[in-house]
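Working notes, beginning with the structure itself.
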Amino acid sequence: MHFGSHLAEGLKPLVDFVYPPRCPLCGAALARQGGLCADCWGTLAFPEEPAENAGVMPVMAATLYNDTSRQLVLNLKHGRKIALAGLMGRLMAARLPDPLPDLPVPLLIPVPLHRWRLWHRGFNQAALLARELAQAGKGDLLVDGLVRQTRTPSLGGLGRAARAAALAGAITVSPRHAARIAGRAVVVVDDVLTSGATTQACVRALDAAGAASVAIVCFALVADSSGRTE
């Protein structure tokens, strides 16, 4: 264990004394930081098996999109409660297989934000989740492997065809990392998957760059593709 990990463990009692552990959704007291209370945990919905992304490939989703998972996503993305990435990332990591010992570990590439949206928000929530997956030993983080070249409009409320049209050519592989991506297994990381238009744009870019395989992992999967993620 690294010195930083030892220090963090040693400071936990002090942190818990100053900031008593609370459920991030309802505020109920907890035994330790970084979790949900039993009542809120019981309202999460979990997929029974990998879903298909528009019939193309399986999607490894930590949860199904409902009121509870929606609130976690909104608290992370718009409430700026970035500590939630730890909880959400652990749930996602449980859905991912461990890398095979005789093969290169996969690259973990987050769905990119346009630079103006990144500047406005201050962080990319998908990148925070990808970092948690890397720390869990699920692959190597390549935070800027994909680039969103154009600022696309909000996809909420758009149909599948309109979403795909809005994203046409918007996402490309970063030229700096094209050689590293070629021939490697890649896992695209996102917070919520609705119609799959954004992740499919990522998949097309990675396929064009020669990725050996592309999988998708998300925190919440919208079972009805007409659902909105806000």
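So how do His114, His78 rank on accessible area, 1.4 Å probe, biggest first, that is with the largest at the start?
His78, His114
Taking all protein chains as present, what is the carbon and sulfur share of the accessible area of segment 181-226, in % to the nearest whole number, probe 1.4 Å?
50
What are the residues whose amide H is under 5 Å from the amide H of Leu146, where those residues sit 5 or more places off or on another chain and H is modelled from the backbone?
For Leu146, whose amide H was placed from the backbone, the distant partners under 5 Å are Ser174.
Step through the residues of segment 104-118 one at a time and calculate ³J(HN,Hα) from phi using the Karplus curve (6.51 cos²θ - 1.76 cosθ + 1.60, θ = phi - 60°), rounding each to whole Hz and writing x for Gly and Pro.
x, 5, x, 8, 9, 10, x, 4, x, 9, 5, 4, 6, 5, 5
Tell me which residues come under 5 Å, amide H to amide H, from Ala215 once H is placed; ignore anything under 5 positions away on its chain.
Placed amide hydrogens put Val186, Val187, Val188 under 5 Å from Ala215.
Quick one: pull the percent of accessible area on segment 66-140 belonging to carbon and sulfur, 1.4 Å probe, ligands and nucleic acids left out.
56
The values are calculated or read from the model by the stated rules, or taken from the named source; none is laboratory data. The structure displayed is predicted, hence computed values, not measured ones. Side chains included, ligands, DNA and RNA excluded: accessible areas come from the protein's heavy atoms. Shrake-Rupley method; radii C 1.70, N 1.55, O 1.52, S 1.80 Å.
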